[in-house]
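The values are calculated or read from the model by the stated rules, or taken from the named source; none is laboratory data. Keep in mind that what you see is a predicted model, and the values were worked out from it rather than measured. Please note: Cβ atoms are built from the backbone with ideal geometry, for glycine as well, and neighbour counts cover all protein chains shown. SASA here: full protein model, heavy atoms, side chains in, ligands and nucleic acids out. Shrake-Rupley method; radii C 1.70, N 1.55, O 1.52, S 1.80 Å.
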Amino acid sequence: ETAVFQTPNYHVTQVGNEVSFNCKQTLGHDTMYWYKQDSKKLLKIMFSYNNKQLIVNETVPRRFSPQSSDKAHLNLRIKSVEPEDSAVYLCASSPALLGQYEQYFGPGTRLTVL
Amino acid sequence: GQQVQQSPASLVLQEGENAELQCNFSTSLNSMQWFYQRPGGSLVSLFYNPSGTKHSGRLTSTTVIKERRSSLHISSSQTTDSGTYLCALELYAQGLTFGLGTRVSVFP
């Protein structure tokens, strides 16, 4: 049963546009994540976030930024998309940032940049 | 270099055959998960297994921390097992680090 929800499923846009993806979890978890899966199929962490701490993967360009209104929501904004941003973006959550916890993933948002 | 190495990269099975997927990691870890990735990209968590052996139906996961490896055993494979299997380890508070996956194809 899905407990991590992502919208939209797909998005097609042009270089230079701004896009925003939404993620919501109904598990009551404190920590949420964004991952990117590129054309080579490698999944990489972009952000780890709870209401106290944001951990950013140092390879993530500055045009990417997480936005959170509360611990159940973590959106991803891309200010000015580039062709290399075409990928599947996966949101996940876990009970806490520290400790041994399973992560639960959403269905993903596929972004195509023309 | 890649911290998580999965082997084989791909595997072709006849229905009913067993398979062993390997995951080796080059660093100490906080936790380990195995996922099945559907063709559309969504991830299904198969096991959360930081150590020891766990069973779920026809699947068995074994993680041996000292040897820095984890394995996923599929017994009596079915065509519906076809897809990509990913292992991922969590370093302390750094999110999951994924391998490149093993693509499994099961034919009748």
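General remarks:
- Net charge contributed by nearby residues that have their C-beta within less than 15 Å of B:E15 (K/R +1, D/E -1): -1
- Interface burial in region A:30-66 reaches 50 Å² or more for A:L42, A:L43, comparing the full protein assembly with the chain by itself; accessible area from heavy atoms with a 1.4 Å probe.
- Looking at region A:1-64, the accessible area is 61 square angstrom per residue; that uses a 1.4 Å probe and ignores ligands, DNA and RNA.
- Pairwise Lys count, the protein assembly as shown - Cα closer than 29 Å, eight or more residues apart or different chains: 26
- Shown for chain A: the carbon plus sulfur share of the solvent-accessible area, taken with all protein chains present and a 1.4 angstrom probe, equals 47%.
- For chain B, with all protein chains in place and a probe radius of 1.4 Å, 49% of the accessible heavy-atom surface sits on carbon or sulfur.
- Of the residues in region B:55-104, those shielded by at least 50 Å² of accessible area once partner protein chains are present, compared with the chain alone at a 1.4 Å probe, are B:A93, B:L96, B:F98, B:L100.
- 15 Å beta-carbon shell around B:L86, net charge (K/R +1, D/E -1): +2
- Fraction of beta bridges assigned by DSSP in chain B that are antiparallel (%, nearest 5): 90
- Summed buried accessible area for A+B [probe radius 1.4 Å, Å², rounded to 100]: 1800
- Probing with 1.4 Å while keeping every protein chain in the model, the per residue accessible area of chain B equals 46 Å².
- Pairs of alpha carbons in chain A separated by more than 18 Å make up 45% of all such pairs.
- Whole-angstrom gap from region B:13-30 to region A:38-69, using each part's C-alpha centre: 28
- Note that the protein assembly as shown carries a Kirkwood radius of 17.9 Å, evaluated over its alpha carbons pair by pair.
- For chain B, relative contact order (Cα pairs under 8 Å, six or more residues apart, normalised by length) works out to 37 percent.
- Over the C-alpha atoms of chain B, the Rg to Rh ratio, Rh being the Kirkwood estimate, stands at 0.95.
- Interface residues of region A:92-114, defined as a loss of at least 40 Å² in heavy-atom accessible area between the chain alone and the complex of all protein chains with a 1.4 Å probe, are A:L98, A:Q100, A:E102, A:Q103, A:F105.
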